1. Taking interchain pairs and intrachain pairs at least six residues apart, which have beta carbon atoms under 8 angstrom, with the first residue in segment 238-267 and under 19 Å from residue 342 (Cβ atoms) and the second of a type in the set (Asp, Glu) and open to solvent by 10 Å² or more (accessible area, probe 1.4 Å)?
2. Identify the residue in segment 314-327 that is open to solvent by 60 Å² or more (accessible area, probe 1.4 Å) and either touching a Cys at 6+ places or on another chain (Cβ under 9 Å) or in contact (Cβ under 8 Å) with a residue 24 or more places away in the chain (or both) and, among all such residues, is nearest to residue 146 (Cα to Cα).
3. Select, from 417, 339, the only residue that is at pLDDT 95 or above, in contact with a strand residue (DSSP E or B) (Cβ under 7 Å, 6 or more places away or on another chain) and open to solvent by less than 40 Å² (accessible area, probe 1.4 Å).
4. Kindly indicate whether residue 296 is surrounded by fewer than 22 Cβ atoms within 10 Å (Cβ to Cβ), out of contact with any Asp or Glu (no Cβ under 9 Å at 6 or more places or on another chain) and modelled with pLDDT of 95 or more.
5. Please count how many residues of segment 260-293 are part of a loop (DSSP other than H, G, I, E, B), under 27 Å from residue 69 (Cα atoms) and either of a type outside the set (A, V, I, L, M) or open to solvent by 20 Å² or more (accessible area, probe 1.4 Å) (or both).
6. Of all the residues that make up segment 1-54, how many are in a helix (DSSP H, G or I) and either more than 19 Å from residue 78 (Cα to Cα) or of a type in the set (A, V, I, L, M) (or both)?
7. Select from segment 183-230 the residues that are surrounded by fewer than 20 Cβ atoms within 10 Å (Cβ to Cβ), in a loop (DSSP other than H, G, I, E, B) and of a type in the set (D, E, K, R) and list them in ascending order.
8. Please give the number of the condition residue 57 fails out of (1) touching a helix residue (DSSP H, G or I) at 6+ places or on another chain (Cβ under 7 Å); (2) open to solvent by less than 80 Å² (accessible area, probe 1.4 Å); (3) closer than 24 Å to residue 289 by Cα.
Amino acid sequence: MDLQHWLGRATEAVQEWADTFGPYRPHPSLDVADDRFAPVFAEFTDRLKDNYPFFHPHYAGQMLKPPHPASVVGHLTAMLINPNNHALDGGPATAAMEREAVAQLAAMFGYDTLPDRPSGVGGAPMRSDYAPLGHLTTSGTVANLEALFVARELHPGRGVAHSADAHYTHGRMCHVLDMTSHPVRTDDRGRMDLDALADVLETGDVGTVVVTAGTTGLGAVDPVHEILPLAERHGVRVHVDAAYGGFFTLLAGADGPEGLPPEPWRALARTDSIVVDPHKHGLQPYGCGAVLFRDPEVGRFYLHDSPYTYFTSGELHLGEISLECSRAGAAAAALWLTFRLLPPTPDGLGKVLAAGRRAALRWADLIEASDVLELYQRPQLDIVTCFPATEPAALTAVDAASARVLADGMAAPDPVFLSTLKADRAAFAARHPKITADADGARILRSVLMKPESEDHVEALHERVERVVAHPSAPKESAR
């Protein structure tokens, strides 16, 4: 799609709508002449060049990429009106769009069907018009905060168990909510260890288990289908942090190399709450997170009174089921427009994720055949981890070599942009016992292939990294 054309059409469409309310004179205090704006805009765009090329396939570092053009157009168009999705009074159109987009997310996880056990207040059955509860947030951090807030209200005085490799937000949010955080060790693939989890649950101190569907370090997927029966035996809730990996449920059981084992993904429908970030694999700009609750009755914990907002409609206002107050209606508009074109289905967004997944598997194969790189572990989603082969084969050497490759890669004439991940001594030993553990851990190279264009560039990426590993740059002379 022609982005410039549709951005221009966006301003025209909003102006056409605005004109229906009659003319008015903008206040002169807001006026900025073009000749004043031009130099400031030139400075602004020049400063924006101090960025890494997130859009380019040669950028394979952090989980960053530009939003889809449809999302940009949707966001800008709605932003010109600037609706606030806290109350229907602030954004009736975008509130409806939010509900529709969130319903698509719920359906993607299987949350659109009646749960298989009684629920609700006092164990009463769900309403016949059952629909899960959910809304957009400004980030996965806030979405996880909301899920843990509900967990605290349902199990007061009991803590939260999560993978030791889970996002640090869970420990932070437990502190905010005055809950105890219980990190659980991981196995040799970075997944929550079931025996260690069982030991924690036996204490009776845990009310909620956070299962990670795609850790941000390795892209590891906890065995949701095996954790669910364990949690049920102990009367514990299961919350899924799928902020990074949630959209990969679209590849569960798919044909081809990109297909994922279906068991953990199909089990998501039986969990109590899920967080997913459309601003990652959903092609949205920051910030667009989402939280979903399978039992809509948890909305009672959000009840509050707002004397000057919820008055134009008796329908549910999104602010009545959200800890956040003001939220950009533009984010909902962008997601709605994107989902109309690339829906969260295997034939829609699934094709985008499949390309990145195939690229990660292809790069892993190339690394396994390399003489200068070693694969840290096989990718479970679209995150590739490796480290330079060093002599001696020791953690200190691996750490120094990884740091050098990161810096030299960005400074090369044909640059490649990676990131690093710190792997501790135990994690390294579980995967590479022949590496001498002469330090507490070592940095390894980490690449996130979330852009579908990576599939066509993975061989070039690999060649560039190999060249940087094999040909260290000369150390720079210190200034005299």
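1. That search, which allows pairs on different chains as well, returns 251/258.
2. Filtering segment 314-327 for residues that are open to solvent by 60 Å² or more (accessible area, probe 1.4 Å) and either touching a Cys at 6+ places or on another chain (Cβ under 9 Å) or in contact (Cβ under 8 Å) with a residue 24 or more places away in the chain (or both), the one nearest to residue 146 (Cα to Cα) comes out as 323.
3. Numbers: 339 fails: in contact with a strand residue (DSSP E or B) (Cβ under 7 Å, 6 or more places away or on another chain).
Of the residues listed, the single one that is at pLDDT 95 or above, in contact with a strand residue (DSSP E or B) (Cβ under 7 Å, 6 or more places away or on another chain) and open to solvent by less than 40 Å² (accessible area, probe 1.4 Å) is 417.
4. no
5. 11
6. Residues that pass the stated criteria total 23.
7. Hits for segment 183-230 are 185, 187, 188, 189, 193, 205.
8. (3)
The values are calculated or read from the model by the stated rules, or taken from the named source; none is laboratory data. On a predicted model such as this, the values are computed, not experimentally measured, just so you know. Using ideal geometry, Cβ is built from the backbone for each residue, glycine included, and neighbour counts are taken over all protein chains shown. Ligands, DNA and RNA are excluded from the accessible area calculation, which covers all protein heavy atoms including side chains. Shrake-Rupley method; radii C 1.70, N 1.55, O 1.52, S 1.80 Å.
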